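Since the structure comes first, as structure tokens, the remarks are kept for the end.
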Amino acid sequence: MTADHSTEAYKAYFLGPKAENETWVRSEFQSILEHWFQWRKDLFPTDVPVSEKAERRTPAYLEARERIIAGLEDLTDLLDGEVPKFTPRYIGHMVSELTLPALMGHFAMILHNPNNTSRDSSKIGSRIEVEVIAMLAEMLGFDPERATGHITGGGTVANFEAVWRARFRQDHWLSLLLYLAEERGVTLDLFAGAHMGWKRFAELLDAHDVVLDDLRGYSGVATNPYAFGERMTQAFGQPYRGPVMLVPENKHFSWTKATNIFGYGEDAFWPVPLDALGKMDVAALEALIDRAHKEARPISMVVSVAGTTETGEIDPVDQVQGILNGANRRHGWDIWHHVDAAYGGFLCSLLRGKPSTVLSVSNSAALSAIGEAHSVTIDPHKLGYVPYSCGAIITRDEQAYAVSSFKAPYLERQLEVPDKWSTTLEGSRSAAGAAATWLTGKTMGFDTSGLGGVIAETILACRAFRKRIVAELPFVRPLSPSETNILCYSLAEEGMSLKAANAATEAVFDRFVACADFSVSKTTLSGKAHSKVIERHVKTFGGKMDDDRLVLIRCVFMNPFWREEAVADRLTTDIIAHLKDWFHPARAA
Ligand SMILES: *Cc1c(COP(=O)(O)O)cnc(C)c1O
């Protein structure tokens with residue numbers, strides 16, 4: 001079933017800022033409840049009810065019921081004060097109005113409360129999860145027959161899942177290197193061996209008549225990591241310093257957490273510098289790979305980001321993959337590539353179906369290359385318009401998905417797919433996110449006629465907004481490029497110093513917070529990491545570089561209703577009036 005996006009179909013996907021779809025949505029939520037009641041009534045028809053009418057009239061019962069009703073009233077009263085994220089006035093963070101299929105899928109599933117950690121308690125929930133992972137994998141450009149993965153509590157956990165798997169894989173290869181050196185007197189090249197690939201691993205086991213279980217005592221993960229380091233130092237005649245992770249400077253905070261949690265130490269974190277557009281500098285990546293080679297530091301993974309949290313930029317994933325493919329061709333190095341597409345993953349829906357011209361050629365190329373990576377993080381609870389908490393880790397095949405047990409994934413294809421609990425960092429996992437994403441995919445579809453069309457319109461709305469405020473307010477300085485639906489800008493008069501511009505921008509942001517007409521967010525780019533970006537930006541207003549940070553107002557145009565001309569026109573006019581009113585360069589300076 002494909003929806004027609006060209007007309008007003010999108011208005012059926014969302015409740016509407018004035019609950020315009022109230023009538024039929026109420027009846028659908030009611031039918032979910034009716035179905036739930038009926039399920040209970042029909043199953044086990046010989047079972048007797050636990051209460052009779054008379055018992056539901058006792059004072060204790062009535063009192064309890066009153067408490068629940070009053071308590072719920074208190075809760076709903078409280079919720080009146082919650083941040084209203086459904087309205088187009090909310091352009092703060094990566095969240096907005098949710099889709100109706102997502103809400104309905106989520107709601108229908110929580111009433112049955114499956115735990116996807118095990119099929120014992122989740123028959124349908126786990127099936128839906130397998131299906132939705134295949135749908136996401138296909139959208140991302142993987143072979144859905146081979147790709148696998150699972151739903152996580154979010155992008156942070158999904159990133160950890162990738163780190164865990166990359167470490168598992170490399171640990172096998174390092175164990176074999178140590179085993180051969182200690183037991184057989186065969187010293188292979190450490191760096192090449194650390195990226196040998198499963199094929200070479202199997203050949204070496206075969207050639208030296210080693211079985212996998214022999215390696216357990218040589219694993220840095222299965223034994224003592226400090227002793228492992230000493231033994232590697234001994235075996236290879238140079239100090240062993242452990243693996244590194246090459247992650248661009250535009251990274252999300254979850255990557256710093258990962259080096260911490262996995263015990264790599266922050267020294268293992270090798271930041272890849274950014275270019276003046278805030279994207280990973282691929283020449284710098286190549287230089288870091290060379291350095292790791294020279295220093296014999298195994299590369300646990302290379303990360304690229306599709307849709308940065310701060311500004312929505314997309315790293316040249318295709319060029320990163322090209323560099324890794326080249327290293328593989330020339331040297332046989334198999335280096336793990338993870339794409340953190342927590343935000344931008346759903347932009348791939350713009351590549352499916354009727355072609356969309358909204359994305360730039362370079363971004364289309366970057367997004368098209370995701371399917372070549374080993375693993376990807378994608379957050380349905382961001383651009384999937386699905387309720388929290390719902391992220392996903394997807395790997396290109398079972399081999400990349402393998403983790404935790406010492407068994408190597410190439411050895412035997414397990415006939416029976418095991419329960420998920422042994423291969424997920426999280427234990428108990430709700431099936432609600434899987435159902436919400438599944439129903440979104442089944443009804444709207446992850447292509448330009450459905451979700452992709454909605455996202456495309458948000459990008460266009462962001463551009464239109466940018467064009468108008470820049471035309472009407474010369475002191476608005478948009479950060480370039482803004483290629484997706486996130487717009488960051490600072491406020492500065494021509495020739496203003498960066499320090500003064502930062503103060504003025506901060507002051508205006510504070511007014512936004514105090515006034516509550518709109519929700520925007522603020523981001524600060526700072527340090528050496530963003531120096532090129534900051535310099536480029538300050539040049540646009542001929543400013544003086546007297547600060548090492550750049551304060552930006554950040555607007556995420558996820559809300560679907562910005563595509564309505566009347567909505568956009570009215571809100572843009574209001575924001576322009578506020579900015580005019582609040583921008584006081586003199587006071588700031
Ligand atoms: C949001 C985000 C994350 C973290 O995801 P959570 O769902 O908040 O845990 C990781 N990476 C990027 C690029 C993100 O935008």
Next item on the list: Give the shape of the stretch 101-142 as rounded, prolate or oblate, defined through the alpha-carbon gyration tensor: a ≥ b ≥ c are the square roots of its eigenvalues, a/c under 1.5 means rounded, and otherwise the shape is prolate if a/b is larger than b/c and oblate if not.
Entry: oblate
Next item on the list: Would you check the accessible area of residue 291, probe 1.4 Å, heavy atoms only, in square angstrom rounded to 10?
Entry: 100
Item checked: Greater than 21 Å apart at Cα, pairs in 18/85; 467/539; 85/522; 18/522 -> 18/522
Note to self: Quick check for me: using +1 on Lys/Arg Cβ and -1 on Asp/Glu Cβ, what's the dipole size of the chain about its Cα centre, in debye to the nearest 20?
What the structure shows: 660
Margin query: Using a 1.4 Å probe on the protein heavy atoms only, what accessible surface does residue 573 show? Give it in Å² to the nearest 10.
Written below: 60
Check: Highest mean first, what order results for 85-93, 321-329 on Cβ atoms within 10 Å?
Finding: 85-93, 321-329
Checklist line | Sequence of 509, 346 when ordered by accessible area, the most exposed leading, probe 1.4 angstrom | finding: 509, 346
Next item on the list: On the protein heavy atoms, probe 1.4 angstrom, tell me the percent of accessible surface of the chain carried by carbon and sulfur.
Entry: 54
Next item on the list: Report, in order of residue number, the helices in the chain meeting two criteria: a C-alpha extent of 27 Å or more along the helix axis, and a mean Kyte-Doolittle hydropathy of at least 0.0; treat each whole DSSP H run as one helix.
Entry: 59-79, 451-472
Next item on the list: May I have the pair-distance distribution P(r) for the chain, computed from all Cα-Cα distances with 20 Å bins from 0 and rounded to whole percent?
Entry: 19, 46, 28, 7, 0
Next item on the list: Name the shape class, rounded, prolate or oblate, that the alpha-carbon gyration tensor gives for the stretch 3-69, where a ≥ b ≥ c are the square roots of its eigenvalues, rounded holds for a/c under 1.5, and otherwise prolate holds if a/b is larger than b/c and oblate otherwise.
Entry: oblate
Item checked: Accessible area of the stretch 95-249 divided out per residue, in Å², using a probe of 1.4 angstrom -> 41
Next item on the list: With a point put 7 Å past each Cα toward its Cβ, work out how far residue 470 is from residue 291 in nm, to one decimal.
Entry: 3.4
Check: Protein chains only, probe 1.4 Å: how do 449, 430, 122 rank by accessible area, largest first?
Finding: 430, 449, 122
Item checked: Accessible area (Å², 1.4 Å probe, nearest 10) - residue 61 -> 90
Item checked: Accessible area per residue in Å² at 1.4 Å probe, computed on the stretch 267-374 -> 33
Checklist line | Estimated distance in nm for a label pair at residue 266 and residue 463, the labels positioned 7 Å out from Cα along Cα-to-Cβ | finding: 4.1
Check: Regarding the stretch 105-241, what are the three Cα extents along the principal axes, ordered largest first, in Å?
Finding: 61, 29, 26
Check: Using 1/(1 + (r/R0)^6) with R0 = 30 angstrom and r between the beta carbons of residue 517 and residue 357, what's the FRET efficiency to the nearest 0.05?
Finding: 0.35
Next item on the list: Work out how much length residue 325 to residue 581 would gain on full extension: take 0.36 nm times their residue separation and subtract the Cα-Cα distance, in nm to one decimal.
Entry: 86.8 nm
Next item on the list: Sticking with the crude label model, points 7 Å out along Cα→Cβ, report the distance from residue 566 to residue 526 in nm, one decimal please.
Entry: 4.5
Check: R0 = 60 Å: FRET efficiency of residue 536 with residue 78, Cβ-based, nearest 0.05?
Finding: 0.85
Next item on the list: Would you mind pulling out the separation of the Cα centroids of the stretch 121-177 and the stretch 444-466, in Å?
Entry: 27
Notebook entry, point to check: In nm, what is the difference between 0.36 nm times the number of residues separating residue 127 and residue 257 and their Cα-Cα distance?
Noted result: 43.6 nm
Notebook entry, point to check: How about the stretch 73-173: which GluC sites (Glu not before Pro) there are in a DSSP loop, with at most 15 other Cβ atoms within 10 Å of their Cβ?
Noted result: 82, 145
Next item on the list: Quote the convex hull volume per residue of the stretch 230-276, based on C-alpha atoms, as a whole number of Å³.
Entry: 74
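Relative contact order (percent) for the chain, with alpha-carbon contacts under 8 angstrom and 6 or more residues of separation?
Reported as a whole number, the value is 20 percent.
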Notebook entry, point to check: How much space per residue, in cubic angstrom, does the convex hull of the C-alpha atoms of the stretch 155-378 take up?
Noted result: 126
Notebook entry, point to check: Where does each of 171-184, 471-484 land if you order them by average Cβ count within 10 Å, highest first?
Noted result: 171-184, 471-484
Note to self: For the chain, what does the helix formula give at 222 nm: sum of -39500 (n - 2.57) over DSSP H segments with n ≥ 4, over the residue count, nearest 500 deg cm²/dmol?
What the structure shows: -14000 deg cm²/dmol
Notebook entry, point to check: On average over all directions, what projected area in square nanometres does the stretch 484-589 have, based on the convex hull of its Cα atoms?
Noted result: 7.0
Note to self: Ranking request for peptides 299-306, 268-275, 40-47, 282-289: highest mean number of other beta-carbon atoms within 10 Å first, then the rest in descending order.
What the structure shows: 299-306, 268-275, 282-289, 40-47
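The values are calculated or read from the model by the stated rules, or taken from the named source; none is laboratory data. What you are looking at is a predicted structure, and each value in this text was computed from that prediction instead of being measured. Every residue, glycine as well, gets a Cβ built from its backbone with ideal geometry; the counts of neighbours run over all protein chains shown. Heavy atoms of the whole protein, side chains included, go into the accessibility calculation; ligands, DNA and RNA do not. Shrake-Rupley method; radii C 1.70, N 1.55, O 1.52, S 1.80 Å.
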